[in-house]
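The values are calculated or read from the model by the stated rules, or taken from the named source; none is laboratory data. Computed from a predicted structure; not experimentally measured. Because the Cβ atoms are built from the backbone with ideal geometry, glycine has one as well, and the counts that use them run over all protein chains shown.
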Amino acid sequence: MTPESATSLSVMMVPGKIPDLFPAVRALGARLGVRPRAGEVSMPLPSRPEDCPGSAPQPRILIPVRDAPPDAVQRDRLRTQGRYLARQEAWEVLARGLREADTARDAAPGGTPVARLLAEGACSDAMGSALAAVRRDDPTAARASLFALRDAIDGAERAPWLAAMLAQAHLGVAKAWATRSGGLLHRDARAQHLEAAQRLIAPFDPLEHDSPLLAALRCALLDLDPHPEHRVYDDYEDLIDLDPACPDHLRALGRDLIPQRFGDWERLDREARRTAGHTADIWGLGGYAWVWFDALAGAAPGGFANVDAELFAEGLHDILHRRPDQHMANLLAAYCGLTLSGAAVPGSARARIAGCFGWIAQDHLREVHPELWADARPVRGSTDGGERLRLGEARALSALAEHFAHQLARGRQVRFTEAGIVLTPSPCAACTLAPCSALAYPRRDQRDEDAPCLT
């Protein structure tokens with residue numbers, strides 16, 4: 001278990017002291033002060049003792065916060081492009097763009113397929129009307145919105161990628177109906193949209209068209225099959241063979257193999273191991289972690305009883321070795337530090353995986369992407385964009401404050417830089433290790449860690 005490098009002198013952590021410090025850190029959370037935004041310089045601090053106020057300020061977590069990371073910017077741009085082409089009724093241009101992006105396996109920086117984003121943008125106007133009808137419990141109006149879009153496209157049923165675009169919209173509305181109270185009206189409305197999606201893509205074979213988009217839609221429609229448990233493996237094998245570099249497909253496989261869907265925990269683990277072998281050239285052992293990723297997010301005891309925590313942790317290392325970008329670092333940090341956070345028995349699989357937050361934060365995290373932290377744990381009710389970003393930022397800073405509680409309690413500031421984490425004494429607090437004008441977090445190869453046992 002050896003991820004990539006960081007630098008400088010050793011200041012070893014004292015994990016045993018962390019639990020007693022958590023209450024104090026939570027009180028610190030609301031007073032962490034101004035955090036630097038990406039590309040900005042943090043507010044200057046007093047440099048001389050006489051500049052300090054009567055009571056010394058609390059130490060802070062200093063990390064850039066990027067509200068608009070490259071992945072979010074690219075996703076918005078692609079959706080806007082798709083919406084523009086649809087409003088211009090440039091269906092041939094849109095169909096060509098969908099086909100080229102799909103067959104080339106183009107993806108946004110975070111891994112979302114470009115074809116999916118273009119299709120979302122192209123259907124966004126009709127989807128907005130349909131989702132408003134869902135909120136009014138008006139299934140007729142919801143269907144009419146999408147049927148009007150289909151009628152506006154000449155020969156949509158004969159064009160594979162335009163049919164896939166429309167089918168994806170029907171799936172989105174079906175998911176919206178699934179979140180309603182569950183009455184007969186809602187179940188029937190959901191089923192009608194699923195059936196409409198199936199009719200659209202049925203004439204087109206994903207393998208013949210070399211289309212991960214069509215293959216993903218086929219997997220999403222397994223609910224309509226009379227025996228989905230027999231098809232789930234073959235359909236997902238086709239999808240992952242078509243686009244093994246897309247983690248969304250591996251995560252979807254895991255979601256469909258939980259006991260509440262079409263599998264059980266033992267088969268999920270077996271399939272995760274098999275998928276890891278098939279995708280080893282791309283993800284190493286990361287395929288194992290991706291298949292289990294969303295299946296464990298629900299915190300079902302059966303999942304943690306069957307997952308191989310050491311293999312999962314090694315998979316996280318391999319993912320970040322192959323994708324060492326800040327989107328991936330934030331996604332995995334939020335998963336371990338927030339999604340799986342909470343009470344866990346020491347030595348349990350949940351504690352082992354959640355504990356990976358430490359090395360992810362220390363070795364890989366260099367800035368906060370609030371959107372990913374907001375998504376890491378569902379929030380009841382709707383929130384606007386600004387509120388979601390503030391929530392995500394607060395969650396990230398809280399998780400980091402708990403992890404670095406022992407350093408904050410000693411009067412140090414934890415500063416995240418491109419080169420790594422630097423610990424500096426607060427100008428208004430005495431440093432407990434003198435002299436200590438700057439301290440760096442220990443290098444990975446100097447930490448007291450045991451190598452993972454994978455036997």
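When you scan the range 166-187, do you find a residue that is charged (D, E, K, R), within 31 Å of the chain's Cα centre (by Cα) and assigned to a helix (DSSP H, G or I), even just one?
Looking only at the range 166-187, we keep the residues that are charged (D, E, K, R), and these are 175, 180, 187.
Of the ones still in play, those that are also within 31 Å of the chain's Cα centre (by Cα) are 175, 180, 187.
Pick out the ones that are also assigned to a helix (DSSP H, G or I) and you get 175, 187.
Looking through the range 166-187, at least one residue is charged (D, E, K, R), within 31 Å of the chain's Cα centre (by Cα) and assigned to a helix (DSSP H, G or I).
Please determine, by comparing only the residues of the range 267-315 that are of a type in the set (Asp, Glu) and either in contact with a Gly (Cβ under 8 Å, 6 or more places away or on another chain) or in a helix (DSSP H, G or I) (or both), which one is surrounded by the fewest Cβ atoms within 10 Å (Cβ to Cβ). Full working, then the answer.
Taking the range 267-315 as the starting set, the residues that turn out to be of a type in the set (Asp, Glu) are 269, 271, 281, 294, 308, 310, 314.
Now narrow it down to the ones that are either in contact with a Gly (Cβ under 8 Å, 6 or more places away or on another chain) or in a helix (DSSP H, G or I) (or both): 269, 271, 281, 294, 310, 314.
Numbers: Asp269: 22, Glu271: 22, Asp281: 7, Asp294: 19, Glu310: 17, Glu314: 19.
Among those residues, the one meeting the criterion is Asp281.
Look through Arg366, Arg350, Arg395 and report the one residue that is under 12 Å from Ala329 (Cβ atoms) and among the basic types (Lys, Arg). Don't jump to the end; show me each part of the working.
On the way: Arg350 fails: under 12 Å from Ala329 (Cβ atoms); Arg395 fails: under 12 Å from Ala329 (Cβ atoms).
Every option except Arg366 fails the conditions.
Please determine whether any residue of the range 342-362 is closer than 24 Å to Arg75 by Cα and crowded, with 19+ Cβ neighbours inside 10 Å.
Initial filter on the range 342-362 (closer than 24 Å to Arg75 by Cα): none.
No, because not a single residue in the range 342-362 is closer than 24 Å to Arg75 by Cα and crowded, with 19+ Cβ neighbours inside 10 Å.
Does Arg158 count as surrounded by fewer than 21 Cβ atoms within 10 Å (Cβ to Cβ), assigned by TED's automatic domain parsing to the domain that holds Glu92 and within 25 Å of Arg96 (Cβ to Cβ)?
Yes.
If I filter the range 179-189 down to residues being in contact with a Pro (Cβ under 9 Å, 6 or more places away or on another chain) and not aliphatic (A, V, I, L, M), which single residue comes out as nearest to Arg135 (Cα to Cα)?
The first filter runs over the range 179-189 and keeps only residues in contact with a Pro (Cβ under 9 Å, 6 or more places away or on another chain), leaving 185-186, 188-189.
From what is left, the residues that are not aliphatic (A, V, I, L, M) are 186, 188.
Working: His186: 11, Asp188: 15 Å.
Per the stated criteria, the residue is His186.
Please count how many residues of the range 173-182 are modelled with pLDDT under 90 and surrounded by 13 or more Cβ atoms within 10 Å (Cβ to Cβ).
Residues flagged as modelled with pLDDT under 90 and surrounded by 13 or more Cβ atoms within 10 Å (Cβ to Cβ) within the range 173-182 amount to 1.
Restricting the first residue to the range 183-212 and requiring it to be surrounded by fewer than 19 Cβ atoms within 10 Å (Cβ to Cβ), which pairs with a second residue that is not aliphatic (A, V, I, L, M) meet a Cβ separation below 6 Å and a spacing of at least six or different chains?
As it stands, the answer is His186/Trp177; His186/Arg180; His209/Pro160; Asp210/Thr103, since those pairs meet every condition given.
Please name all residue pairs, on different chains or six or more residues apart, with Cβ atoms under 6 Å, provided the first residue is in the range 219-241 and is in contact (Cβ under 8 Å) with a residue 24 or more places away in the chain and closer than 13 Å to Leu257 by Cβ and the second residue is surrounded by 15 or more Cβ atoms within 10 Å (Cβ to Cβ) and of a type in the set (Ser, Thr, Tyr).
Cys219/Tyr236
State all residues of the range 130-158 that are part of a helix (DSSP H, G or I) and of a type in the set (Val, Ile, Thr); if no residue qualifies, say none.
Within the range 130-158, Val134, Thr140 meet the criteria.
Output the number of the condition that Asp234 fails; it satisfies all remaining conditions of (1) within 25 Å of Thr112 (Cα to Cα); (2) buried (at least 17 other Cβ atoms within 10 Å of the Cβ); (3) not polar (S, T, N, Q).
That leaves (2) as the condition not met.
From the set of residues in the range 213-266 that are outside any helix (DSSP H, G or I) and closer than 17 Å to Ala167 by Cα, which is modelled with the highest pLDDT? Please lay out each step first, then the result.
Keep residues of the range 213-266 that are outside any helix (DSSP H, G or I), which gives 221, 225-227, 243-246, 257-264.
After this cut, where a residue has to be closer than 17 Å to Ala167 by Cα as well, the list is 221, 225.
Values: Leu221: 97, Asp225: 93.
The residue in question is Leu221.
Please find, within the range 385-427, the residue that is modelled with the highest pLDDT out of those that are surrounded by fewer than 21 Cβ atoms within 10 Å (Cβ to Cβ) and of a type in the set (Ser, Thr, Tyr).
Applying the filter and picking the extreme gives Thr417.
Mind counting the residues in the range 322-355 that are in a loop (DSSP other than H, G, I, E, B), among the hydrophobic types (A, V, I, L, M, F, W, C) and within 16 Å of the chain's Cα centre (by Cα)?
First, the residues of the range 322-355 that are in a loop (DSSP other than H, G, I, E, B): 323-325, 340-348, 355.
Next, from what is left, pick out any that are among the hydrophobic types (A, V, I, L, M, F, W, C): 340, 343-345.
The next check asks that each one be within 16 Å of the chain's Cα centre (by Cα); those that pass are 340.
Counting residues in the range 322-355 that are in a loop (DSSP other than H, G, I, E, B), among the hydrophobic types (A, V, I, L, M, F, W, C) and within 16 Å of the chain's Cα centre (by Cα) gives 1.
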